[in-house]
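J.: There's a structure below that I have some questions on.
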Amino acid sequence: AQKITQTQPGMFVQEKEAVTLDCTYDTSDPSYGLFWYKQPSSGEMIFLIYQGSYDQQNATEGRYSLNFQKARKSANLVISASQLGDSAMYFCAMRESRGNNRLAFGKGNQVVVIP
Amino acid sequence: DTGVSQNPRHKITKRGQNVTFRCDPISEHNRLYWYRQTLGQGPEFLTYFQNEAQLEKSRLLSDRFSAERPKGSFSTLEIQRTEQGDSAMYLCASSLLGKRGGNEQFFGPGTRLTVL
């Protein structure tokens, strides 16, 4: 069964605007972590932000914030003030405490920032 | 901190040949992971090490695949008798067990394998 679902089609975003990338997850583990990674065309996976299942507040890292809705099992990424360098694939991933630290990734969201 | 490095960055081989990839993790990281990513998909977990011990292997890791981390530092991933279906990006990541927070994994640039 797919643990991470990212179903949005490719997105075009105007520079300086905000964009929200959807991610839903499936787990019965009470302790888990959620991650977002960015993969530009060069191929390297770049860590962006982390949210723990027991964290009371939504995570923020600079222009990235995570809208964590535990009851809905969603962990959407919000990128504020988009820049041209934000054009990339974005992957949501989950680590379950029973999963030996391995990450389960979604299929990704393609974002293209236009000037 | 030089980050995770992988060599080679690209490998083209003929079906049936053996290939070996190397990963050098961030120096103080004790956990090392291998993932495989095919076109249009997210990375899929293959195996991971804590220090020199290989603690888990995915069912994706057939008998033709073997990974080692002999001294708990760099790791190698070998694929024997390559098949066209092995063509993919092979990603290595490392993390530090015990670090507060998410124990986030830091990825290398990957090795892109093409099997002809």
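None of the figures in this text is laboratory data; all of them are computed from the coordinates on show. In this text the structure is predicted, and so the values were computed from the model without any measurement. Ideal geometry is used to build each Cβ from the backbone, glycine not excepted, and the neighbour counts take in all protein chains shown.
J.: Cα-based Rg (one decimal) and Dmax (whole number) for chain B, in Å?
T.: In Å, with Rg to one decimal and Dmax whole: 13.6, 45.
J.: Test of the criteria: in segment B:1-85, which GluC sites (Glu not before Pro) are in a DSSP loop and have at most 15 other Cβ atoms within 10 angstrom of their Cβ?
T.: Sites meeting the loop and neighbour criteria: B:GLU28, B:GLU52, B:GLU83.
J.: Principal axis extents for segment A:18-78, Cα atoms only, whole Å, descending order, please.
T.: Here the spans come out as 35, 22, 16 Å, largest first.
J.: Between A:LEU77, A:LEU48, A:LEU66, where does the largest GNM mean-square fluctuation fall for chain A, given springs only between Cα atoms within less than 10 Å?
T.: Greatest mean-square fluctuation among the candidates belongs to A:LEU48.
J.: What ³J(HN,Hα) values, in whole Hz, does the Karplus curve 6.51 cos²θ - 1.76 cosθ + 1.60 give for segment B:79-91 when θ = phi - 60°, with x put for Gly and Pro?
T.: 10, 9, 6, 4, 10, 4, x, 7, 4, 4, 9, 9, 10
J.: Go ahead and set up a Gaussian network model of chain B, Cα springs under 10 Å, then flag whichever of B:SER75, B:SER27, B:SER62 fluctuates most.
T.: Among B:SER75, B:SER27, B:SER62, the largest GNM mean-square fluctuation belongs to B:SER62.
J.: Got a sec to turn the phi values of segment A:107-115 into Karplus ³J(HN,Hα) couplings, 6.51 cos²θ - 1.76 cosθ + 1.60 with θ = phi - 60°, whole Hz, x for Gly and Pro?
T.: So the Karplus estimates, Gly and Pro as x, are 7, x, 10, 8, 10, 10, 9, 10, x Hz.
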